[in-house]
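In what follows, a structure is listed as structure tokens, so that the remarks can point back to it.
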Amino acid sequence: MDLVEAERKIGSGKVLVIGDVMLDRYVWGEVRRISPEAPVQIVRVLDRSEVLGGAGNVAANLAGLKCPVFLVGIRGADSAGELLRGLLEKSGIQSGLVADPLRPTITKTRIMAQGQQLLRLDEEQIEVPSEGILELVSDMIQKIMPECGAVVLSDYGKGLLASGSFVQKTMGIARQHGIPVLVDPKGTDWERYQGAACITPNMSEFEAVGGSCAEKEDLFEKLAGEVLRRCDAEWLLVTRGSRGMSFFNGESAPLTIPATAREVYDVSGAGDTVIATLAAGVASGLSFPESAFLANMAAGIVVGKLGTQPIGRSELQSTARLSSPAANGPCISKICSLEAAGVQIKSWRASGNRIVFTNGCFDLLHPGHIQLLQQAKDLGERLIIGLNSDVSVRRLKGDARPILSERDRAALLASLACVDMVVIFEEDTPLRLIESLKPDILVKGADYRLEEVVGRGVVEQHGGKVVLVPIAQGFSTTGIVNKILG
């Protein structure tokens, strides 16, 4: 199948997400000693951050894919609920969260140090909401449903989707409009999902309902067929970690999709990315198998990130292009949005990594570029490249440039071993990017003077430095173009 063409279609249909919305808090720090009060680690706090969790993360993944999304759920009438509402607005997600004064906003606080999670604190009240609250949620669903091309039920077992009557009422509304419902299940009572277009459990969730199959493929296929019949579902997509995904519809042989991740840092939120990408594809007119291939690719990207981070459209674009038959094999993209880059950098810093930054158009990658990037990487542990977008390059160099699109340029850079991250920026200079990322070392070629380097003041102000490295003579994109043109 043409993954590039399939990816291009995503975003033409709106997705309605219904489920348990959460606030994910991160406390970033470092550990250097054990407490004298008890045998526990002392975490020196360096930073804090908040992101959307639960069904909110599903919506954030859809927004990251540039897919129109509407989120319906419940929050508390508290400060965490207001923060949640602000995060949704910032992410461009339309939402209809009902404020329930009798329950807190579900909040998970993760303590992070040395690149790993040390502890999680949960604030929640797990129970079915009152009839009045459920009625308000149903009214919201009834109102927005006709605009959508797919519905996601994101069940985290926190109460909203625990009522079979509420779930079936919601699915009935979807059936009236001919809209497929995709379910990320929780628990063992899957009968309440009767009639779903697709159910997307991981392997342990599947075995809890279908029975243990100890990875025996024949038994696995038989149990999957039984689950499909019992739930009257059209499709069953089981995520299997390093073994990829298995996709069943009860009418033909299962479709096995190999895993694509090369490095796995954190599987948090991977299931949200899978169902979000699957729904985005289906809502945009792709078949379920086509959407499943894209969902598998998206999962391979997000498990290479630390913490709950949504997929970005540019990441999926580049990986689809590099995974096409003409690209000589798969590649996990290092291309990040500014927000995702900020989260990853906090983890790198907590592990003692020095962050090196350089920027440019990198149109027609040549030996001069490679030498500069390798010298930059030698100055620290992590190299980030700020890449001018196509629009930015045209403003700087004229309508004839760039020769390669931003996603092609980003993909080439991401394929280099010395590059750890690529962030595309729209402005003429990377100043906003540097202000946000605060690199320890800012690198430019020796053809610049220190006073000409954009962002120098920002870097030096927080204790960093600017380094001018020698450049290889005789190489330039303009020179290559002129030679080709004769």
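Under 5 Å between amide hydrogens, which residues at least 5 positions from Val69 or on another chain qualify, with H placed 1.01 Å from N in the peptide plane?
Counting only residues 5 or more places away or on other chains, the set is Val15, Gln94.
Estimate the FRET efficiency between Ala38 and Ser204 by the formula 1/(1 + (r/R0)^6), using the beta-carbon distance for r and 25 Å for R0, to the nearest 0.05. Walk me through the numbers before you get to the answer.
Working: r = 33 Å, r/R0 = 1.31.
Once the sixth-power term is evaluated, E becomes 0.15.
Mind checking the dipole of the chain: about its Cα centre, +1 per Lys or Arg Cβ, -1 per Asp or Glu Cβ, Debye to the nearest 20?
1240 debye
Just the projected area, averaged over all directions, of the convex hull on the alpha carbon atoms of region 205-261: how many nm²?
Spelled out: convex hull of the Cα atoms, projected over all directions, averaged, 3.8 nm².
Need the full-extension length gain, Ser165 to Arg48, defined as separation in residues times 0.36 nm minus the C-alpha distance. One decimal, nm.
Value of the extension gain: 38.1 nm.
Over the Cα atoms of region 136-254, Rg to Rh with Kirkwood Rh, two decimal places?
On the way: Rg = 14.7 Å, Rh = 14.8 Å.
Rg/Rh: 0.99.
Averaging sequence separations of C-alpha pairs under 8 Å and six or more residues apart, then dividing by the length of region 1-109, give the relative contact order as a whole percent.
Averaging sequence separation for qualifying contacts and normalising by length gives 32 percent for region 1-109.
Between Lys397 and Leu83, 0.36 nm times their residue separation minus their Cα-Cα distance comes to what?
108.9 nm
Please enumerate, by chain and number, the lysines with C-alpha under 22 Å from the C-alpha of Lys222, excluding those fewer than 8 residues away in the same chain.
Filter leaves Lys186.
From the Cα trace of region 320-473, what convex hull volume per residue do you get, rounded to a whole Å³?
Each residue corresponds to 118 Å³ of Cα convex hull volume.
Of [x] 206; [y] 165; [z] 141, which one was derived for volume of the Cα convex hull per residue in Å³ from the structure shown?
[y]
Exactly which GluC sites (Glu not before Pro) in region 61-156 are in a DSSP loop and have at most 16 other Cβ atoms within 10 Å? Before the final figure, lay out each step's value.
Numbers: sites: Glu82, Glu89, Glu123, Glu124, Glu127, Glu131, Glu135, Glu147; in loops: Glu124, Glu127.
Here the sparse-neighbourhood loop sites are Glu127.
Using 0.36 nm per residue, how much length does the chain from Leu338 to Ile484 gain when fully extended, once their Cα-Cα distance is taken away? Walk me through the numbers before you get to the answer.
Working: separation 146, 0.36 × 146 = 52.56 nm, distance 3.56 nm.
In short, 49.0 nm is gained.
What order do you get for 446-457, 338-349 when each peptide is scored by the mean count of other beta carbon atoms within 10 Å, highest first?
Highest to lowest by the protection proxy: 338-349, 446-457.
Please label the shape of region 2-121 as rounded, prolate or oblate, based on the square roots a ≥ b ≥ c of the eigenvalues of the alpha-carbon gyration tensor (a/c under 1.5 means rounded; beyond that, a/b larger than b/c means prolate, else oblate).
The shape class here is oblate.
Once region 31-189 is represented by equal point scatterers at the alpha-carbon sites, with solvent omitted, what log10 I(q)/I(0) does the Debye formula produce at q = 0.19 Å⁻¹?
Reported log10 I(q)/I(0), two decimals: -1.28.
Please work out the Cα center distance from region 114-142 to region 42-89, rounded to the nearest Å.
12 Å
When the helix-only estimate is applied to the chain (DSSP H runs of n ≥ 4, each -39,500 (n - 2.57), divided by the residue count), what is the mean residue ellipticity at 222 nm, nearest 500 deg cm²/dmol?
Values: 17 runs with 181 residues, N = 486.
Rounded to the nearest 500, the figure is -11000 deg cm²/dmol.
Using +1 at the Cβ of each Lys and Arg and -1 at the Cβ of each Asp and Glu in the chain, identify which of Ser12, Ser204, Gly225 lies farthest towards the dipole's positive end.
Ser12
What is the chain's relative contact order, in percent, from Cα pairs under 8 angstrom and six or more apart in sequence?
This gives 13 percent for the chain.
I'm checking a number: the convex hull volume of the Cα atoms of region 52-131, normalised per residue, in Å³. What is it?
109 Å³
Would you mind getting the Kirkwood hydrodynamic radius of region 184-304 from its Cα pairs, rounded to one decimal in Å?
Hydrodynamic radius (Kirkwood, Cα pairs) of region 184-304 is 14.3 Å.
Every number in this text was worked out from the coordinates using simple rules, so none of it is lab data. Every value quoted in this text rests on a predicted model; they were computed, and no experiment measured them. All Cβ positions, even for glycine, are placed from backbone atoms using ideal geometry, and neighbour counts span all protein chains on display.
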